[in-house]
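The values are calculated or read from the model by the stated rules, or taken from the named source; none is laboratory data. Here the structure is a predicted model, which means the values were calculated and not measured. Cβ placement follows ideal geometry from the backbone for every residue including glycine, while neighbour counts extend to all protein chains displayed. Ligands, DNA and RNA are excluded from the accessible area calculation, which covers all protein heavy atoms including side chains. Shrake-Rupley method; radii C 1.70, N 1.55, O 1.52, S 1.80 Å.
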Amino acid sequence: MNRKRLLGVLLGLGILVEVAVFGARDNVCTRRRIGDHLCPELFFIGVQKAGSSALWVFLAFHRTLDIRMAEGITEPKWRRKEPHFFDVEFGRGLEWYSGGYGVRNTSEDLGIDATPDYAAASYVPPRMLNTVDPERVRFIISFRDPAARAYSWYKHIHAQFLAEELHGRAFKDFDYSYSLMVKYIPAIIVDCMNQQDGPLQLLKQCMTRNAEFYKDAKVNIEENKIVARHITGLQQIFSHGIYAPMLLHWFKYFPPESFCVVMYEQLADDFKSEVQHIAPCLAAFGRTLEVDPDEELKEVNSQPCENCENLERLSLDDKTYIGNKLHTELYLDSSRMLRRLVLHLYGRDDLPVWEDFYHT
Ligand SMILES: Nc1ncnc2c1ncn2[C@@H]1O[C@H](COP(=O)(O)OS(=O)(=O)O)[C@@H](OP(=O)(O)O)[C@H]1O
């Protein structure tokens, strides 16, 4: 892999990128009128499989925070947490979106939209900037060891999405085997990344669901002699762990002070202390974070996948080998860059060094 090239792409942008100036539109969200519908101003933007459901439960059901979920968006039920307005449902318009949150009764009312797919969708931050009041909104983002995140997403697809054409065919070509995907897919993503000029292009071309680059890509799988062509259904398993360009892309539209960064592993290990990193995003709305002394991250959305007959279960040795491979080949530069960004911008030097989890 040409790691120098990737690092160059990321560094070439500088750590702090100027915030793009779009004017927020005059709309139901920016007017914030009592008696109108309520637009969410607190966003949990990602990343997928980094404990978003558990954090959302903590925030939306907290006894004192008084944060409203999209109670009126119930089809399916999980849309109360993830309205998917800015990535999927934008065409439905702001009345649909804000209607899901009910009527604003006071200027302090606050709603949360916890759609973890937002983080990697290049078109979401410009849409948001054009819609919300950029001074008011706050973003919570949780990161997780990208190798563990990838396996969690692979498992999630087995549990829920194998019936979908996009994933079903792609998984079948690879005999549903995670090891085979790990063998072939990261090299294609690296190839894609090396052809891009910066975070926007990288997100657009190499990470989105219908990214152009993968349309013509194919893999000759030696093990089963299949020529796999449905790479776009697989690439997100791995590409959504390339965190630094995602964050840099968001910083083009919203300033770093609008973001609160938490780490999944630390939420799970020491919830009380890690969750304090979201306190500034709550304080912006006059909310004080109160955490009970024995409070832990509740177990939500663990997808045990007991009935997933084709799921590849990994031994400890497999996990070590795969973790090492993914970090070395795909994630190392981005993870290092993320640690630097978080250190410089938020003064945190306690981030997990994920690649070290897999040293033998
Ligand atoms: N309390 C607690 N402690 C540790 N880990 C926890 C906890 N709650 C949820 N989880 C794990 O978080 C993973 C699901 O993350 P998300 O809710 O963000 O998934 S999703 O993107 O909304 O589908 C999923 O990870 P995997 O089990 O590895 O798949 C959950 O098990």
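Some values worked out for this structure:
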item	result
Selection count, the range 276-301, where residues are within 15 Å of the ligand (Cβ to nearest atom), open to solvent by 60 Å² or more (accessible area, probe 1.4 Å) and either more than 18 Å from ALA148 (Cα to Cα) or free of Cβ contacts under 8 Å to residues at least 24 places away in the same chain (or both)	3
Hey, ILE231 surrounded by fewer than 21 Cβ atoms within 10 Å (Cβ to Cβ), over 29 Å from ARG339 (Cα atoms), among the hydrophobic types (A, V, I, L, M, F, W, C) and more than 16 Å from the ligand (Cβ to nearest atom) or not	no
Considering residues of the range 151-173 that are surrounded by 16 or more Cβ atoms within 10 Å (Cβ to Cβ) and near the ligand (Cβ under 10 Å from one of its atoms) only, the residue nearest to ASN324 (Cα to Cα)	TYR151
Candidates ALA268, ALA217, ALA228 - the one that is more than 23 Å from HIS327 (Cβ to Cβ), touching a helix residue (DSSP H, G or I) at 6+ places or on another chain (Cβ under 9 Å) and small (Gly, Ala, Ser)	ALA228
Checklist (1) of a type outside the set (Phe, Trp, Tyr); (2) within 16 Å of the chain's Cα centre (by Cα); (3) at pLDDT below 95; (4) open to solvent by 10 Å² or more (accessible area, probe 1.4 Å) applied to GLY46, failing item	(4)
Which listed residue is under 30 Å from PHE61 (Cβ atoms) and in a helix (DSSP H, G or I), from GLU274, GLU296	GLU274
Qualifying positions in the range 234-271 - free of Cβ contacts under 8 Å to residues at least 60 places away in the same chain and either open to solvent by 50 Å² or more (accessible area, probe 1.4 Å) or closer than 17 Å to LEU202 by Cα (or both)	GLN235, GLU257, ASP269, ASP270
Top-ranked residue of the range 132-146 - restricted to ones that are open to solvent by 10 Å² or more (accessible area, probe 1.4 Å) and in contact (Cβ under 8 Å) with a residue 24 or more places away in the chain, ranked as nearest to the ligand (Cβ to nearest atom)	ARG144
Residues that are more than 16 Å from the ligand (Cβ to nearest atom), in a helix (DSSP H, G or I) and loosely packed, with under 15 Cβ neighbours inside 10 Å, drawn from the range 302-323	ASP317
Residues satisfying the stated conditions in the range 332-343, i.e. in contact with a helix residue (DSSP H, G or I) (Cβ under 9 Å, 6 or more places away or on another chain) and open to solvent by 70 Å² or more (accessible area, probe 1.4 Å)	ARG336, ARG340
Residue match in the range 91-113 (condition: within 16 Å of the ligand (Cβ to nearest atom) and crowded, with 20+ Cβ neighbours inside 10 Å)	yes
Residue within the range 303-324 that is under 28 Å from PHE259 (Cβ atoms), at pLDDT below 95 and not hydroxyl-bearing (Ser, Thr, Tyr) present	yes
Top-ranked residue of the range 183-226 - restricted to ones that are assigned to a helix (DSSP H, G or I) and among the acidic types (Asp, Glu), ranked as nearest to GLY241 (Cα to Cα)	ASP191
Every residue from the range 330-360 that is under 19 Å from the mean Cα position of the chain (by Cα) and small (Gly, Ala, Ser)	SER334, SER335
So LEU180, is it farther than 22 Å from ASP318 by Cβ, open to solvent by 10 Å² or more (accessible area, probe 1.4 Å) and either assigned to a loop (DSSP other than H, G, I, E, B) or not acidic (Asp, Glu) (or both)	no
Lone unmet requirement of (1) over 17 Å from LYS218 (Cα atoms); (2) open to solvent by 50 Å² or more (accessible area, probe 1.4 Å); (3) in contact (Cβ under 8 Å) with a residue 24 or more places away in the chain; (4) of a type outside the set (A, V, I, L, M, F, W, C) for ASN194	(2)
